[in-house]
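Please read the structure below before turning to the comments.
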Amino acid sequence: ASPRGVFPGEGLRLSGRASAVRMAQAKLQIEIISADNLYNSDGIMAGKSDPYVIVEVPGQPTMKFQTPVINNNLNPVWNHLGEIEGFMDGDTLEFQVWDSDTWPKPDQLLGKAVLTAADFYPNGLEGPLTLSESNTQATLTIRVVVVDTVDPAQEDNNMMAQGQEGVEYQQAEYQQG
């Protein structure tokens with residue numbers, strides 16, 4: 001099964017085989033490389049779209065970043081690196097490509113793609129994503145690298161071991177007293 005909004009073709013390359021290992025919390029490095037064939041929402045007379053990308057974990061307002069705007073370009077290259085910390089199994093990554101407009105005209109969505117942890121964990125992902133909600137067959141080329149993970153089960157084991165030492169210490173004090 002291919003990720004929602006992702007082109008299941010030659011361009012998509014998993015950096016490794018998806019694992020059944022359950023992800024806890026991860027720090028992700030996400031590179032927004034480029035987009036191709038974006039819709040010209042500004043029309044023929046006004047120039048071309050002025051695209052930027054927002055990457056976010058829906059429902060987590062602190063887990064997001066944005067690329068700079070590239071003016072008048074339907075095939076922009078950003079090579080922009082961002083990080084998301086605290087990504088958990090069950091979270092999704094949403095990539096939204098927008099056309100920046102000046103007030104009073106609101107910015108317009110040019111397309112989006114959604115990835116789940118299973119799409120890139122543990123070995124990452126690199127390649128073009130087909131954008132849904134696009135008026136063209138636009139793609140967004142990205143790279144996701146899992147930099148670091150924190151396994152709560154391991155943290156629980158560490159805390160239990162530390163707690164056990166405390167219990168033994170308290171028992172020794174009690175026996176001496």
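Taken together, the values in this text are just the output of simple stated rules run on the coordinates, not laboratory data. This is a predicted model, so every value here is computed, not measured. Cβ sites come from the backbone with ideal geometry, for glycine too, and all protein chains shown count toward neighbours.
The table that follows gives values for the structure above.
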read-out: Amide H contacts of residue 111 (H built 1.01 Å from N, under 5 Å, at least 5 apart or other chain); value: 97
read-out: Label-to-label distance, nm, for residues given as residue 37 and residue 133 (7 Å Cα→Cβ offset); value: 2.0 nm
read-out: Gained length - residue 102 relative to residue 147, 0.36 nm times residue gap less alpha-carbon distance; value: 12.5 nm
read-out: Contour minus Cα-Cα distance for residue 72 and residue 85 (0.36 nm per residue); value: 1.5 nm
read-out: Cross-link reach list, lysines versus residue 27, counting only Cα pairs under 18 Å and skipping chain neighbours closer than eight places; value: 64
read-out: Relative packing of peptides 114-121, 74-81 - highest average C-beta neighbours within 10 Å first; value: 114-121, 74-81
